[in-house]
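Have a look at the structure below before the remarks.
The values are calculated or read from the model by the stated rules, or taken from the named source; none is laboratory data. Please read all numbers here as calculations on a predicted model, not as lab measurements. Backbone-built Cβ (ideal geometry, glycine too); neighbour counts: all protein chains shown.
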Amino acid sequence: MKLILCLFLLGMVLARAEPRPVNYDEAGIPAYTLPDPLVCSDGTRVADVAAWQTKRRPEILKLFQHEMQGVSPGRPAELKWETVNCDKSALGGLATRKEITVWFGAEKSGPPMHILLYTPNAVKQPAPVFVSVNFDGNHTVNADPGITITEQWALDKKTKQEKLTRPDEKTRGQSVGRWEAEKIMARGYALATIQRADLEPDYPEGWRHGIRGFLLEKAGQKEFAPDAWGAIGAWAWGLSRALDVLETEPAVDARRAVVIGHSRMGKAALWAGAQDERFALVISNDSGEGGAALARRCFGETTAVINRNFPHWFCANFKKYSDQEATLPFDQHELVALVAPRPVYVASAEEDRWADPHGEFLAALNAEPVWKLFGRPGLGVKEWPAVNQPVGATIGYHMRTGKHDVTAYDWEQYLGFADKHLGVKK
Ligand code: GTR
C-alpha cells in the first residue's frame, strides 16, 4: 500500500515538474535504443511484405493512435461541398482558381472548411496535386486579390481573449515565400490548401470552434477520451477530407496527391500520410518534435515541452511520456515508416535546432529497413549529409542552410522528387 502511495506521489511530482532544460549538445543526448520497426510487439520478426501490411503496420498505427495522435473519425456521411467561385485566368493566366466550401454536418452545418485550389492551365490532363494546411488563411499564400478572406477564431495577443476575426487586407500574400504557387503551376502541379483555424483554431480551447468540438457534441459527449484525437489529428483529418473532394475534381489527378506541411503542419502531413494511403507522396518540412525528429534524442524541443506548450496537439495519453521518452512504445522513425512503400521526403534547416535536424535525418535513416523490405531503395546513405546536399531515392532528405521556414530551395527539391516519383515530365 505504502509503495503504491509513493509511486502515486512520484507520478504527481513528475507530472508537475518543469521540463528538463533544453539540450543542444550531441554529447548531452541520453543513451537510447530505438524500437525496431520490423519486430512485432510479440517479439516476432517481420519477414515479408505481407507480415508488415497485415500485422506490424496496423500494430504501429494503433500505438500512434492510442498513445500519441489519438483516434480520428473517418469520412462523415454528411460530407458535402460546393464550388463557390471559379476564375480561369488566375495568377496571370497560369492557373484556374477555385474556392470550394466543405461542410461536415447535415444541412451544411458545423464549421466549414474552405479549400483554395489552383490548377495549372497549361496542363491538359488531370494534374498531380500538392495538398497542405496553411497557418493563417488561404489569402496569405498568394497576393492574388481574388482569394476570399474568411473569418477565423484566434486568440487576441494582448487580451488573450478569443475572438472571431476577418484578417486584414494587408495580410494578403504574407506567406507567399512559403508557397511558390506560380512555380508549382509552371511545373505542372495543382495546389490545394486549407487554413488551420477552419479545422481547429490553434490554442488549447480552440477545439470548441473546430471539427473536434462539432463531432464531440454530435456524439453527445462533453469530454475527449484519453485516446481521442488532438489538433494535429484534426488538421490531418482535414487533409484527407480535402482529398475526398479532390477525387471528384476533373482537373486534378488525386491518385498523384502529395501531402505536404511545414512544422506543426509537417507533423499533420506525416500523420495524414501515415493513415491515409491514398496520398501518393508525403513531405515533412522541418516538422521536428512530434513529426520526423526522434523523440529519444531529447535534442531541442522535447515531449515535455511540446505537451506543456501545446496541450491540445496530441491525445491525453501522450502526456505520460513528458520527459519519459524511453518508455514510448515507438519512436518517430516508425511514423515515417508507416508511409512505406510510398515515397517520403524529410527536410531540415541548419539553423532550426529546435526541430533537431540530425534527429530528423536519423528517423529517415532508421525507417529505411521498411522500404528495403519492399525491395525499394530508401535513403541510400548512412551519413548525415552536408548542408544543401539532397540525398535519397525513395526516402528523400536534405538540410538546407538557414532558418525554420519553407523556401524556394525546399520547393525545388520537392518538385524534383515529385517529378521523379509521380512521373511528371519536364
Ligand atoms: C513551435 C513548436 C514546434 C513547431 C513550430 C511551428 O513553437 O515548438 O513544434 O511546430 O512551432 O509549427 O512553427
*If we scan region 220-234, do we find a residue that is under 25 Å from TYR414 (Cα atoms), surrounded by fewer than 24 Cβ atoms within 10 Å (Cβ to Cβ), under 15 Å from the mean Cα position of the chain (by Cα) and within 16 Å of the ligand (Cβ to nearest atom)?*
no
*Counting only residues that are within 16 Å of the ligand (Cβ to nearest atom) and not aromatic (Phe, Trp, Tyr), which one in region 109-136 is nearest to ALA197 (Cα to Cα)?*
ASP136
*What pairs can you find where one residue is in region 197-226 and at positive phi, the other is exposed (fewer than 14 other Cβ atoms within 10 Å of the Cβ) and outside any loop (DSSP other than H, G, I, E, B), and their Cβ atoms are less than 6 Å apart, with a gap of 6+ or different chains?*
none
*Please name all residue pairs, on different chains or six or more residues apart, with Cβ atoms under 8 Å, provided the first residue is in region 236-254 and is at positive phi and the second residue is part of a strand (DSSP E or B) and at pLDDT 95 or above.*
none
*Name the pairs: first residue in region 323-345 and within 17 Å of GLY380 (Cβ to Cβ), second residue among the basic types (Lys, Arg), Cβ to Cβ under 7 Å, at least 6 apart or on different chains?*
PRO341/ARG376
*asked:* Given the options ARG255, ARG178, name the one that is surrounded by fewer than 20 Cβ atoms within 10 Å (Cβ to Cβ) and within 16 Å of the ligand (Cβ to nearest atom).
replied: ARG178
_Single match in GLU350, GLU360 (criterion: surrounded by fewer than 24 Cβ atoms within 10 Å (Cβ to Cβ) and at pLDDT 95 or above)_ = GLU350
*Give me the pairs: first residue in region 44-56 and over 13 Å from ALA340 (Cβ atoms), second residue not in a loop (DSSP other than H, G, I, E, B), beta-carbon distance under 7 Å, and six or more apart or on different chains, which are they?*
ARG45/VAL39
*Residues in region 261-270: is at least one out of contact with any Phe, Trp or Tyr (no Cβ under 7 Å at 6 or more places or on another chain), within 16 Å of the ligand (Cβ to nearest atom) and of a type in the set (A, V, I, L, M)?*
yes
*Candidates GLY173, GLY177, filtered to the one that is assigned to a helix (DSSP H, G or I) and over 27 Å from ARG278 (Cα atoms)*: GLY177
*asked:* Would you confirm, using the coordinates I've provided, whether ASP198 is of a type in the set (Asp, Glu), within 16 Å of the ligand (Cβ to nearest atom) and out of contact with any Cys (no Cβ under 9 Å at 6 or more places or on another chain)?
replied: no
*asked:* For a quick check of your reading of the model, give me the residue pairs whose first member lies in region 256-268 and is within 9 Å of GLY288 (Cβ to Cβ), whose second is near the ligand (Cβ under 7 Å from one of its atoms) and outside any strand (DSSP E or B), with beta-carbon atoms closer than 7 Å and at least 6 apart or on different chains.
replied: SER263/GLY288; SER263/HIS404; LYS267/GLY290
*Working carefully through the options ASP136, ASP144, find the one that is of a type in the set (D, E, K, R), part of a loop (DSSP other than H, G, I, E, B), at pLDDT 95 or above and under 20 Å from TYR203 (Cβ atoms).*
ASP136
*Got a sec? Which of GLU334, GLU277, GLU351, GLU289 is under 22 Å from PRO201 (Cβ atoms) and not polar (S, T, N, Q)?*
GLU289
*Say we look at region 49-99 and pick out the residues that are of a type in the set (Ser, Thr, Tyr) and part of a strand (DSSP E or B); which of these is farthest from THR327 (Cα to Cα)?*
SER89
*Considering only residues that are among the charged types (D, E, K, R) and either away from the ligand (no atom under 16 Å from the Cβ) or within 19 Å of the chain's Cα centre (by Cα) (or both), look in region 275-318 and name the one that is surrounded by the most Cβ atoms within 10 Å (Cβ to Cβ).*
ASP286
*Restricting attention to region 378-410, and to residues there that are touching a residue at least 12 places away in the same chain (Cβ under 8 Å) and among the charged types (D, E, K, R), which single residue is farthest from the ligand (Cβ to nearest atom)?*
LYS382
*For region 207-230, enumerate the residues that are of a type in the set (Gly, Ala, Ser) and either in a loop (DSSP other than H, G, I, E, B) or in contact with a helix residue (DSSP H, G or I) (Cβ under 7 Å, 6 or more places away or on another chain) (or both).*
GLY210, GLY213, ALA219, GLY220, ALA225, GLY230
_Which count do you get for residues in region 111-133 that are outside any strand (DSSP E or B) and either under 17 Å from VAL245 (Cα atoms) or of a type in the set (Val, Ile, Thr) (or both)?_
4
*Does region 387-404 include one or more residues that are under 20 Å from the mean Cα position of the chain (by Cα) and among the hydrophobic types (A, V, I, L, M, F, W, C)?*
yes
